[in-house]
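For reference, the structure discussed in these notes is given below.
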Amino acid sequence: MVEFVCMTEMDTSILPEMNLLMLIHRYFMHLGRLVFMMVLLAAGCFLPAAVAAQADTVNPATHQLLVSALRPGLRQYLVYFQNPKTPKKLSYFWYWMRDISFEKSNNEKVIAIRQHWLGSDTNSYRSVYSLNSADDFEPLYHLESVSGKTNAYNWTAAAITGDDTVEGNARKGFRLDFTTPNFNWNLDIETFEMLPLAKGKSFAINFYDAGLEPPQYVVYTVTGSEIITTLNNEKVDCWKLYTEGKAPGGAVYSETYWISKKEHEFLKEEDAFNGGFRYKIKLPGATPDILKRFN
């Protein structure tokens, strides 16, 4: 018998439709999987234990990530949803900005990632600041601001604690001890870009969403290759990274990521769940840095 480990669970059926946009925004980051939370879908993330046993274990202690593959600079993504039952309409757009830089903090080389998520109203805006070790991408610090609420954490291999030096930190008294070091699930895109992808490989990644339930391993498998077309009709050979699971009610979800073989570049994502789809597309480098144009 295959055993499943429940990662997240929620029920959206009791929530008014007018609050759905904020619901999706909040739970995507705080529960880690936006694919589980469309209207009327009670969802959660399950991983088959038998599959996990066959995958390479990935956490900061195993030093599996190719940190040198991570490139500095601004990346921008368009995120949107499609319900095939409602033609002539797309739903719930987000514009993501993720800026990566290599810096020093407390005399330690770190990777700093600054994020801005913009939607159709100010309630959907999110800013995130994360620090990670430049050696193994181990999380060191995480601060996020959502709807005027600040959550700030100090992060080590042994524990995560609320930062008591940040004024108004809603997670000031939070603490969770770890048995194994983990990666910041908020930075899954960057983590995927550093995986040593190859034909037939599977990875059990120890991810954690700051401030929530204890970390859990999630299995991702390279299912093959595909050549996709980008700007100027350029053909880019990509690995396809895949994960899937089943919600408590039996609904199946899947997520597929296209990551270029040559540059380790996350180019797109497609998720399927409950008859709907979510897309995440990396925008070209010529896309303007819109933050500079806000007053």
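Readers should treat all values here as calculations from the given coordinates under stated rules, not as data from a laboratory. Since the model is a prediction, treat every value here as computed from it, not as a measurement. Positions of Cβ are generated from backbone atoms using ideal geometry, with glycine treated the same way; all protein chains shown enter the neighbour counts.
At Lys199 and Ser101, where each label point lies 7 Å from the Cα along Cα→Cβ, what is the point-to-point distance in nanometres?
4.2
Are there any trypsin sites (Lys or Arg not before Pro) in the stretch 48-142 that are in a DSSP loop and have at most 12 other Cβ atoms within 10 Å? List them by number.
Lys85, Lys88, Lys89
Taking other Cβ within 10 Å of each residue's Cβ, how do Ile227, Ile113 sort, fewest first?
Ile227, Ile113
Please enumerate, by chain and number, the aspartates and glutamates with C-alpha under 15 Å from the C-alpha of Lys235, excluding those fewer than 8 residues away in the same chain.
Glu226, Glu263, Glu265
With label points built 7 Å along Cα→Cβ from the Cα atoms of Asn232 and Ala157, find their separation and express it in nm.
Taking the two extended label points, one gets 4.4 nm.
Looking at the stretch 186-251, which GluC sites (Glu not before Pro) are DSSP coil and have at most 11 other C-beta atoms within 10 Å of their C-beta?
The qualifying sites are Glu234.
Please give the length that would be gained between Thr86 and Asp164 if that part of the chain were fully extended, namely 0.36 nm times their separation in residues minus their C-alpha to C-alpha distance (nm, one decimal).
Here the segment from Thr86 to Asp164 would lengthen by 23.4 nm.
How would you classify the stretch 109-185 from its alpha-carbon gyration tensor, with a ≥ b ≥ c the square roots of the eigenvalues: rounded for a/c under 1.5, else prolate if a/b is greater than b/c, otherwise oblate?
oblate
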